[in-house]
Every structure is written in C-alpha cells, then in structure tokens.
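The values are calculated or read from the model by the stated rules, or taken from the named source; none is laboratory data. Owing to the predicted nature of the structure, the values given are computational and were not obtained by experimental measurement. In this analysis, Cβ positions are derived from the backbone assuming ideal geometry, glycine residues included, and neighbour counts consider all displayed protein chains.
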C-alpha cells in the first residue's frame, strides 16, 4: 500500500529522527572502534618500549654485567625495571622499582623467552610489562620492564571523551538535518507544483499565440473564455497551495467548540443541488476546532462523494470510543485498496476523477487530511459494500465544556429539508 504524504512538520520530524538514529548508531560504532583502536595503540607502544628496555638489560646480564640504570626507551616511558633470579629474588632494579616487590611472578619458558603481561594488584593501577628470560638455562634470571598503565586507558576518561564527542556530533548532525529537511521538502513541493502549473499555463499560451497568429480565424470571445478558464484553474491551485502551506506550516487558527452535526447539516443544505444526500446525525457530537477549516474539510468530502456517486451519497455523524465520527459514503465504483492512501497525496487524481471532473486541482483530499491532522484526528478510506467510504475521526469535546445541548436524530434527504424551508418561507 502506498503511504500518504504526511505534513511537512511530521515529515521533517520523521526524517530527522530516522537520520539522527542512523547517525547515532554509526557514531556509537565509530566511538567503540576508536576506543579500541586508541587502547590498542597505547598499549602496543608501551609494550614495544618495554621490550626495548628489557632487551638492553638482558644483553648486559648476558655480558656479565649487573645493570644499575634504566636504559632509555624510544618514548622514555619505561620506568619500572627489575632483574629477578630463578628463586624470585630481585637482583637489580631501576630507581622507581627499587624497594618494590617483584613486578611479576611470570617466568617465561626457554622456548618463549619474551612475553607480555598486565599485572594488577588491589588498590594500585595495573602495570604493563614485558618479561624477558635472559637465556635458556634452567636458572636464567628474568628481566621485567614496564610502566604503570597510562591514565588515559587506566580510567574511563577515554570513554567519556569519546562519548562527549559522539553526543556533540549527533546533536549537531540532528540540528543540521532538521534545518535541511524543510529545504528538501520545499524543493520537492516546488518541483511537483511547477509540473502541475505547467499544463494550464501551456494551454493558456497556446490559445493566446493562436489568437495572435490567426486573428481572422479565431473568435476573441472563445479565447477570452478559455483564458479565464485556465486562470481560474491556476487561481484554484494557488489558493489550495496557500491553504496547504498554512496547515503544514503549523500556522495557528482560532479554535472554538463546534457542533459537528450542525456544521455538517449546514454544509449539506448549502449544497442541496445535484446528487441527493442522505444525512444522519445522532447524540452530542461536539469538537474543538477551526470552523473555517472544518467547513472546508466537509465541503471537500461532499464534493468528492457527489462527483463519484452513481445515485446517492450517505453522510453519518456520530460518536464512538470518545471520538466524533463523520462518514461520507458514495455508491460509485469505489477506490482500489492500493490507491486508498495515494489519493491523499498532493496533485493525485485517479483516472475516474479526471474523467468526471477535469478541472480539479488534485489537492482537496490532501488538504482535508491535513485539516484532520491539525485537529489531532484522522481521515481514512474504509471498506464499504459499494463505493468509497471516507471516515473522519476527531477528539470528542467533553460535554461539560459545552453544556447540556442535545442534538436530534434525522434521517431525511436534502430534498426533504429543502421542502421544509420552502414551506417556512410561505
């Protein structure tokens, strides 16, 4: 099923939310990868420097010398060095390692004389060190070289920094996407609108050019009538676009308690000509909304139903589950399920609609749905034994806010009501 075009603000919120969630996911994955990469790089550099120092001490021991100073590593970060014999006694140590217990109990085997180790003791920061067995002899001493784990990876400081940067990226990205969404939507609206305006403008141009090129063969009155028809269609499109822009832009309208049944009755009576309308109203059906906008919505639904009806239109106003319900049903050919959402898109007109009314703007149902959404309601096409059934649902206004006024139930046609008014006039 094709989804309908949501309001600009709703679409903007959906796109921004989806894009922000995707950005958040990518940022989290990137942050975790960055954290692991930094930790690996820092640890690898520490172990590399420790390996250099341990190799230098081992070389001195194999040369018969007892080291008394700490060799210089590439980065100068290795400050803990000890030479430990086979019985676990510290034979020599660097200044920072002097007086400390042996750095590790690890004793590499003869076939794997160089090993990495992370030693952690309660209440102390961990030590990253390299254990270098001086020789393959059974009683060979072991050189331990390392350094205390750097604060960057010893604490959660790195994670906090990355998380803060990720949060800043997501916030800035979300703000940027929110700013870009209206521009993209305006571009799409301008593209669709220009396409729809092109047809009447082109027709108007052809008529005027023909009248100019062949003044003796063209009746100027026909040209003027055609031009007026084209400009009338252009005016209708522009007016509908302005209405839709106000609705989708969130422009506020004055709201008031409205008797929906009375409003629908007035609209049905105001358009009493043409296809007869069977009207039913029941109970207290009060809503809070803009009278002008709801009149436009009801008028659009009635016009659409009469355009597609074969013999009659049925209108029902009532309430259910705390919501006001307006159902407008025609007995025409109906709308295929695949098109029930598409007809609410801008400038969408089905083939039958074009055949029955070639002068429509294709914006009436889109505006009607926008009005329903602006009133926190819904407008959908529901199943019907015959024809199309448009159902509007709006929040029902609390009767305590409107008094105890009651509505009457009617089941008369527009012809009956017209006859009543005629009798009253007499």
Given (1) in a helix (DSSP H, G or I); (2) at pLDDT 80 or above, index of the condition residue 34 fails: (2)
May I ask you to list the residues in the stretch 330-347 that are surrounded by 19 or more Cβ atoms within 10 Å (Cβ to Cβ) and part of a helix (DSSP H, G or I)? 343, 344
For residue 139, state whether it is part of a loop (DSSP other than H, G, I, E, B) and over 60 Å from the mean Cα position of the chain (by Cα). yes
Within the stretch 277-301, how many residues turn out to be surrounded by fewer than 20 Cβ atoms within 10 Å (Cβ to Cβ) and at pLDDT 90 or above? 3
So, residue 104, is that one in contact with a helix residue (DSSP H, G or I) (Cβ under 7 Å, 6 or more places away or on another chain), surrounded by 11 or more Cβ atoms within 10 Å (Cβ to Cβ) and closer than 20 Å to residue 53 by Cβ or not? no
Could you say which residue among 122, 110 is in the same structural domain as residue 52 (by TED's automatic domain parsing), over 17 Å from residue 42 (Cα atoms) and out of contact with any strand residue (DSSP E or B) (no Cβ under 8 Å at 6 or more places or on another chain)? 122
Residues of the stretch 297-331 being at positive phi and without any contact (Cβ under 8 Å) to a residue 40 or more places away in the chain, which ones? 321
Set 149, 196, 184: member being buried (at least 17 other Cβ atoms within 10 Å of the Cβ) and at pLDDT below 70: 196
Can you say whether residue 100 is modelled with pLDDT of 85 or more, farther than 27 Å from residue 160 by Cα and assigned to a loop (DSSP other than H, G, I, E, B), as far as the supplied structure shows? yes
Could you tell me which of the residues 253, 261 is within 16 Å of residue 297 (Cα to Cα), at pLDDT 75 or above and within 38 Å of the chain's Cα centre (by Cα)? 261
